Amino acid sequence: LRPNSAEPGPIGENGTTTTPTVQTYTNSTYGITFQYPDTYVLTERVEDGSAERVHHSIVLMDKDDAANIPQGGEGPPTINVDIFQNDLDNKTVENWIKNSSVSNFKLSPDDMLTPVTVGGTSALSYVWDGLYRGESTVLEHKSNIVMFSVTYFERTDQIAQDFDQLLATAAFN
């Protein structure tokens, strides 16, 4: 979401800098809205898992990276929004983070959870390290655990800045 950033956008066909258009994602089923630059491809699907617990996955991948995914290799850095049904287990956000393998919290180098607010909702944020460096921010909304995550090589990468902007625009109803 570079419109208010001092960083120039990608170079256009005529050699001038372009500013990405902001897209808005809305999912009325889960009551979530956020904005992201049109330099990303957004895909979503219901992940395989337990028939009793739904896991809805939203993935944002840079368009250039999406066009060049290696066969049989690791994918590029992404921004993910994962929504996990929580009305059966009723776990607290902290309990879910510390006890769910998909949270990647076990890969945290410092085991620190930082309280933050996203769209007026209390959340917990943490860093983790795997193939890429990652950050996740987790909250509860409508009996679901919502996990926003980003992976990157360096914190200064554009994808990390875009993730921060996505979080700043997230809203829940």
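The values are calculated or read from the model by the stated rules, or taken from the named source; none is laboratory data. None of these values were measured; they are calculated from a predicted model. Positions of Cβ are backbone-derived with ideal geometry, glycine not excepted, and every protein chain shown enters the neighbour counts. Side chains included, ligands, DNA and RNA excluded: accessible areas come from the protein's heavy atoms. Shrake-Rupley method; radii C 1.70, N 1.55, O 1.52, S 1.80 Å.
So here's what we get for this one:
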read-out	value
Condition check for E74: farther than 25 Å from A168 by Cβ, in contact with a Ser or Thr (Cβ under 8 Å, 6 or more places away or on another chain) and not hydroxyl-bearing (S, T, Y)	no
Exclusive hit being at pLDDT below 90, under 19 Å from F148 (Cβ atoms) and within 15 Å of the chain's Cα centre (by Cα), set L1, L60	L1
Search result, residues across segment 137-165 that are under 17 Å from F84 (Cα atoms) and outside any strand (DSSP E or B)	K142, S143
Selection count, segment 38-81, where residues are of a type in the set (S, T, N, Q), open to solvent by 50 Å² or more (accessible area, probe 1.4 Å) and in a loop (DSSP other than H, G, I, E, B)	3
Criterion violated by A168 - all others in (1) assigned to a strand (DSSP E or B); (2) within 18 Å of L60 (Cα to Cα); (3) aliphatic (A, V, I, L, M) satisfied	(1)
Residues being in contact with a helix residue (DSSP H, G or I) (Cβ under 9 Å, 6 or more places away or on another chain) and either closer than 22 Å to N173 by Cα or open to solvent by 60 Å² or more (accessible area, probe 1.4 Å) (or both) - total across segment 97-119	7
Those residues of segment 82-96 which are part of a strand (DSSP E or B) and of a type in the set (S, T, N, Q), in sequence order	Q85
Qualifying residues in segment 82-96 (those that are modelled with pLDDT of 95 or more, among the charged types (D, E, K, R) and farther than 22 Å from A171 by Cβ) - the one least open to solvent (accessible area, probe 1.4 Å)	K91
Flag if P20 is in contact with a Ser or Thr (Cβ under 8 Å, 6 or more places away or on another chain) and either at pLDDT below 90 or not charged (D, E, K, R) (or both)	yes
Of all residues in segment 105-136 being part of a loop (DSSP other than H, G, I, E, B), in contact with a strand residue (DSSP E or B) (Cβ under 7 Å, 6 or more places away or on another chain) and within 21 Å of D162 (Cα to Cα), the one that is modelled with the lowest pLDDT	Y132
Scan of segment 21-37 for residues that are assigned to a strand (DSSP E or B) and polar (S, T, N, Q), ordered by number	Q23, T24, T26, N27, T33, Q35
